[in-house]
1. Could you please let me know if THR102 is closer than 23 Å to LEU58 by Cβ, out of contact with any strand residue (DSSP E or B) (no Cβ under 8 Å at 6 or more places or on another chain) and not in a loop (DSSP other than H, G, I, E, B)?
2. Could you tell me which of the residues GLU127, GLU100, GLU110, GLU131 is of a type in the set (Asp, Glu) and under 27 Å from PHE36 (Cβ atoms)?
3. Tell me, yes or no, whether segment 142-157 has at least one residue that is in a helix (DSSP H, G or I) and touching a Pro at 6+ places or on another chain (Cβ under 9 Å).
4. What do you reckon, is THR102 loosely packed, with under 14 Cβ neighbours inside 10 Å and either modelled with pLDDT of 95 or more or more than 30 Å from GLU54 (Cβ to Cβ) (or both)?
5. Filter segment 61-76 down to residues that are over 21 Å from HIS118 (Cβ atoms) and either hydrophobic (A, V, I, L, M, F, W, C) or assigned to a loop (DSSP other than H, G, I, E, B) (or both), then give me how many there are.
6. Checking the conditions here, which among LEU15, LEU42, LEU58 is at pLDDT below 90 and either surrounded by 11 or more Cβ atoms within 10 Å (Cβ to Cβ) or within 22 Å of GLY119 (Cα to Cα) (or both)?
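The values are calculated or read from the model by the stated rules, or taken from the named source; none is laboratory data. What you are looking at is a predicted structure, and each value in this text was computed from that prediction instead of being measured. Please note: Cβ atoms are built from the backbone with ideal geometry, for glycine as well, and neighbour counts cover all protein chains shown.
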Amino acid sequence: MKKIVAVMLCAAMLLCCASALAEMTNIGTINVHGAFEARCVLPEGYTMETSEMENGGLMSVITSKDAAKPALILSIMFDDMYADVEKLNDLDDEAIAHLESTFTDEYDVEITYTETAHGTKLLVAKELNGEFADVYTIYMGHEFEFVLIPTEEGGADSLTEEQIQLVIEFLSNLEFVTAE
């Protein structure tokens, strides 16, 4: 009897695991020049198209089937200045201050920080009038910049706090996997 109960419990646990994995099937993966992959679960209803830019960088446009939802543009570019930097977490205070100034010199933004579930520090720059939100990090010398912008079809010319939270939550599962 105990064996039957144990088998039934195992089966129930397997079904729960399979169900959880089925919900995470919309995984966006970008191979960064064979060195590593950037992966994350895309928000529900979003798809991703990636292309290589002329300067060797990569660009992904992440859009929703719902035209009213904001678009997310991801650009990935290697920067010699960060060639020896594994993660944004590794920058000292002076380098962080310099990085922040690249955002604050051009735009009127509020800068905060968050971290992914895998320990990668993210800089979040929200423009004060809500025209865009910018989430930035570094991995293996590559700058990752995620820009969230309202779509014209959405009829809004500014982002809501809920939309900005969506992208931060979306990036909370951002994972870098080294190529083997």
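1. When the stated conditions are applied, THR102 passes them.
2. None of the other options fit; the residue is GLU100.
3. Checked segment 142-157: at least one residue is in a helix (DSSP H, G or I) and touching a Pro at 6+ places or on another chain (Cβ under 9 Å).
4. So THR102 fails the test.
5. Qualifying residue count, segment 61-76: 9.
6. On the way: LEU15 fails: either surrounded by 11 or more Cβ atoms within 10 Å (Cβ to Cβ) or within 22 Å of GLY119 (Cα to Cα) (or both); LEU58 fails: at pLDDT below 90.
On inspection, the qualifying residue turns out to be LEU42.
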